[in-house]
Amino acid sequence: MTDTGIAAADVSLSELLEARISCRAFLPTQVPRGVIERILELAQQTPSWCNTQPWQVAITEGEGTDRFRSGLSEYVLANPQEPDFDFPRDYRGEHRLRRRECAMQLYSSVGIAAGDRAASAEQTMKNFTLFGAPHVAIVTTHESLGTYGAVDCGLYVETFLLAAQSLGVATIPQAALAGSSRFIHDFFSLAEDRRVVCAISFGYSDVENPVNGFRTTREAVENVAQWVSR
Ligand SMILES: Cc1cc2nc3c(=O)[nH]c(=O)nc-3n(C[C@H](O)[C@H](O)[C@H](O)COP(=O)(O)O)c2cc1C
């Protein structure tokens, strides 16, 4: 047992990497503050360029999450997306294929037929109710650090996900929320020089929900790695 009272699984990194998935249906059960603090402590081990540690994280719990969820849901209906970092301009070739495959897996897990735009839009809107998660963590970087500050924050996100997984806490990173940077700044009173990288909704997985039942695929290593031996 850890001092959080949660049994810490003695699992290897490979087991954590294989077990972690993006959770899109959560139980309402709050994660104890001590467990969240342990995740944050572990995530602090993330490396960063010059050890600048540009990440800051704003976290909700209890009624704070409810207030965030309802405010955000209203905000997205009335405002255009204005992310601090440009969203992808285009998805082409293999990126398009992979994006489509994972969207199809998601939609078919919840019985949405290919081409049913209304139902897929409704599923997308669940991003803004945090898929029912009892907590959200907003990860921001400092504007002066540019792309590499965002890269460091990306590493932080992955450490957070794996630390949470090691403590039995399910997560989903969400760039969708970064489109509502203005709302997020106002909600958390963030300084104007902070840039929203993404959100992480987290809590305990509703394992019975079919939306948590599919597994995304990965490219074979030989198609991503290039070797030079002589
Ligand atoms: C930076 C980042 C942003 C993401 N944003 C979203 C999002 O807004 N909504 C969503 O449903 N999933 C989002 N995801 C989850 C990805 O779709 C998911 O990681 C990918 O399909 C691989 O599946 P897995 O996480 O289950 O292994 C995001 C993942 C990352 C790393």
Filtered residues of segment 192-226 (kept if closer than 25 Å to Pro28 by Cβ and in contact with an Asp or Glu (Cβ under 9 Å, 6 or more places away or on another chain)): Asn212
Conditions first: (1) modelled with pLDDT of 95 or more; (2) over 21 Å from the mean Cα position of the chain (by Cα). Glu18 passes all but one, so which condition is the exception? (2)
Scan segment 132-143 and tell me whether some residue there is over 14 Å from the mean Cα position of the chain (by Cα), surrounded by 20 or more Cβ atoms within 10 Å (Cβ to Cβ) and within 14 Å of the ligand (Cβ to nearest atom). yes
The one condition in (1) without any contact (Cβ under 8 Å) to a residue 24 or more places away in the chain; (2) within 16 Å of the ligand (Cβ to nearest atom); (3) open to solvent by less than 70 Å² (accessible area, probe 1.4 Å) that Arg100 fails to fulfil: (3)
Of the residues Thr216, Thr171, which single one is surrounded by fewer than 17 Cβ atoms within 10 Å (Cβ to Cβ) and near the ligand (Cβ under 10 Å from one of its atoms)? Thr216
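Each row is one residue, and each column tells you yes or no for (1) of a type in the set (Phe, Trp, Tyr); (2) touching a strand residue (DSSP E or B) at 6+ places or on another chain (Cβ under 7 Å); (3) open to solvent by 70 Å² or more (accessible area, probe 1.4 Å); (4) within 12 Å of the ligand (Cβ to nearest atom).
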site	(1), (2), (3), (4)
Ala114	no, no, yes, no
Phe128	yes, no, no, yes
Leu155	no, no, yes, yes
Arg182	no, no, yes, no
Ala220	no, no, no, no
Filter segment 116-126 down to residues that are of a type in the set (D, E, K, R) and assigned to a helix (DSSP H, G or I) and give me whichever is nearest to the ligand (Cβ to nearest atom). Lys126
What helices (runs of 4 or more DSSP H), lying completely within segment 1-111, carry at least 1 residues that are more than 30 Å from Pro210 (Cα to Cα)? 33-43, 62-78
Residue check: is Phe187 away from the ligand (no atom under 14 Å from the Cβ) and surrounded by 16 or more Cβ atoms within 10 Å (Cβ to Cβ)? yes
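The values are calculated or read from the model by the stated rules, or taken from the named source; none is laboratory data. None of the values given here were measured: they were computed from a predicted structure. Here the Cβ is made from the backbone with ideal geometry for all residues, glycine too, and neighbour counts use every protein chain on show. To get the accessible areas, we keep the full protein, side chains included, count just its heavy atoms, and leave off ligands, DNA and RNA. Shrake-Rupley method; radii C 1.70, N 1.55, O 1.52, S 1.80 Å.
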